[in-house]
Amino acid sequence: MKMINIEGNHDLSGTIKISGAKNSSVAILPASILASTDVTICNIPEITDTDALCEILEYLGADVRRASESVVITPSTIENKFIPEKYSKKLRASYYFMGALLGKFKHVEISLPGGCSIGARPINLHLKGFESLGAKITMEEEKYIVHAEELKGANIYLDIASVGATINIMLAAVLAKGKTIIDNAAKEPEIVNVATFLNNMGAKITGAGTSQIRIMGVEELKGCFHEIIPDRIEAGTYTIIGALVGNNLKIYNIIPEHIEALTSKLQEMGADIEIGSDYLIINKKEEYLPTNIKTLVYPGFPTDLQQPFSVLLSRCNGISTIEETIFENRFMHLPELKKMGMKITKEKTKATFFGKCNLKGNEVVATDLRAGAALIVAALIAEGTTTIKNVEHILRGYEGIIEKLKDVGAKIELKEI
Ligand code: UD1
């Protein structure tokens with residue numbers, strides 16, 4: 001078990017480099033098995049989620065060579081084996097092996113995926129997509145068996161613009177016969193990054209980034225070189241930290257457009273922020289205007305930033321609200337923030353924050369990845385020392401978070417207990 005100790009109330013200055021996007025990487029690593037020759041992926045973050053996926057690739061027989069920030073995968077040696085729970089439960093994104101193995105071998109056997117407990121998180125839309133392409137799905141003792149004699153392009157309408165379902169259907173459809181159209185597709189930048197990767201391998205996908213994605217099936221995909229986009233959620237998290245304790249804090253290797261929902265909100269609240277071509281510089285303010293946010297699919301306010309952002313509301317003079325519309329259980333950080341002195345009430349999917357209030361260090365528990373990030377943000381502004389337990393969740397998604405924060409002046413330590 002690991003924990004993090006943070007002594008709060010210190011300004012942070014210097015530069016923080018943003019790593020490759022977790023949510024692109026966790027789809028692109030499984031997608032690499034669709035290629036017949038070697039794939040080189042640059043900017044894969046060193047986080048436990050990508051480690052877990054590389055382990056699954058190796059278990060399936062791929063050769064995975066990892067250097068700093070890049071991974072070379074030889075998928076030609078892959079065998080189509082059952083992926084047991086000890087691999088699939090480690091993370092949500094193990095479900096991308098369903099689409100990738102189905103696309104490649106027309107058959108998959110995999111245990112249920114794991115991941116953060118932020119809601120029911122069903123995968124009915126992924127399965128509906130596979131069925132539309134001609135697959136039959138059976139469930140046996142917590143294991144999915146997905147089989148197709150042949151995959152045929154189809155018109156698929158997603159009832160919810162799900163990121164996971166859009167990507168998984170793309171993975172299954174790129175080698176199918178004929179044309180697939182995904183309507184009400186998710187539009188997140190990670191979808192575009194995955195589609196670009198598949199196209200670099202020879203797929204024919206158009207429309208990624210819009211609500212209609214069109215895929216013309218091809219016979220074969222070949223290896224390629226691909227670069228992962230910067231992580232917009234990591235960038236957003238450090239931007240929020242900058243708004244609270246930044247002293248000319250520069251955050252670079254970002255695509256500013258990808259975090260516009262956050263930066264526009266911050267500007268509306270009175271933040272001191274300068275946005276450049278691939279960086280931003282942010283200074284703290286002691287007080288912000290209260291605000292209301294509602295999480296939405298891209299380009300709306302991202303649900304993944306809602307938790308870290310909530311800490312900023314302690315600096316707003318007045319009442320602010322957050323409405324979570326994507327995941328029904330993404331408020332588990334609130335009781336922990338209350339322990340640290342925030343004044344919050346919650347009713348169903350809406351939380352109300354009463355500011356301003358000062359935070360005090362305490363012992364708190366990270367219940368999921370972004371809840372953990374929120375607690376780090378809170379600890380950085382709290383008086384005294386905060387101990388965060390269950391930080392394995394945080395290490396799943398933020399590359400080098402301890403070193404990055406230390407380098408800009410934070411008093412932060414990772415400890416084994
Ligand atoms: C991905 C991201 C996660 C982010 C989320 C929303 C990855 C690995 N994770 O998660 O960080 O918070 O997008 O931007 O990329 N749903 C269904 N049926 C389905 C699929 C989804 O009802 O078959 C529901 C979910 O329960 C949720 C909503 O649709 O309420 C959106 O989920 P989805 O976009 O699929 O999120 P994930 O891909 O799990």
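The values are calculated or read from the model by the stated rules, or taken from the named source; none is laboratory data. Note that the structure is a prediction, hence the values are computed from the model and not measured. We place every Cβ from the backbone using ideal geometry, glycine too, and count neighbours over all the protein chains shown. For the accessible areas, the whole protein counts, side chains as well, though only heavy atoms, and no ligand, DNA or RNA atoms are used. Shrake-Rupley method; radii C 1.70, N 1.55, O 1.52, S 1.80 Å.
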Query raised in the report: Exactly which GluC sites (Glu not before Pro) in the stretch 279-378 are in a DSSP loop and have at most 13 other Cβ atoms within 10 Å?
Result: E286, E287, E328
Report summary line: Taking N as the number of residues in the stretch 105-240, the ratio of its alpha carbon radius of gyration to 2.2 N^0.38 Å works out to 1.09
Report summary line: With the 1.4 Å probe rolled over protein heavy atoms, the chain has an accessible area per residue in Å² of 38 Å²
Requested in this report: At most 13 other Cβ atoms within 10 Å and a DSSP loop assignment: could you name the GluC sites (Glu not before Pro) in the stretch 112-221 that fit?
Outcome: E141, E142, E149, E150, E219, E220
Report task. Give the ranking of H126, H10 by solvent-accessible surface, highest area first, calculated with a 1.4 Å probe. Result -> H10, H126
Report task. For M1, tell me the accessible area in Å² from a 1.4 Å probe, rounded to the nearest 10. Result -> 120 Å²
Requested in this report: Could you point to the residue in Y298, L280, L266 farthest towards the positive end of the stretch 183-339's charge dipole, with +1 and -1 charges on the Cβ of Lys/Arg and Asp/Glu respectively?
Outcome: L266
Report summary line: With all protein chains in place and a 1.4 Å probe, L34 shows an accessible area in Å² (nearest 10) of 10 Å²
Requested in this report: Given a cut-off of 28 Å, name the pairs among K22/K343; K17/K222; K90/K346; K284/K411 whose C-alpha atoms lie farther apart than that in the structure shown.
Outcome: K22/K343; K17/K222; K90/K346
Report summary line: By the C-alpha gyration tensor axes a ≥ b ≥ c (rounded if a/c is under 1.5, else prolate when a/b exceeds b/c, else oblate), the shape of the chain is prolate
Report task. For the stretch 1-110, run through the chymotrypsin sites (Phe, Trp or Tyr not before Pro) and keep only the ones in DSSP coil with at most 16 other Cβ atoms within 10 Å of their Cβ. Result -> F82
**Report entry** Relative contact order computed over the chain (Cα-Cα under 8 Å; 6+ residues apart), in percent
**Finding:** 21 percent
Requested in this report: Heavy atoms only, probe 1.4 Å: what % of the accessible area of the chain goes to carbon and sulfur, would you let me know?
Outcome: 48 percent
Requested in this report: Leaving ligands, DNA and RNA out of it, work out the accessible area of H258 with a 1.4 Å probe and give it in Å² to the nearest 10.
Outcome: 30 Å²
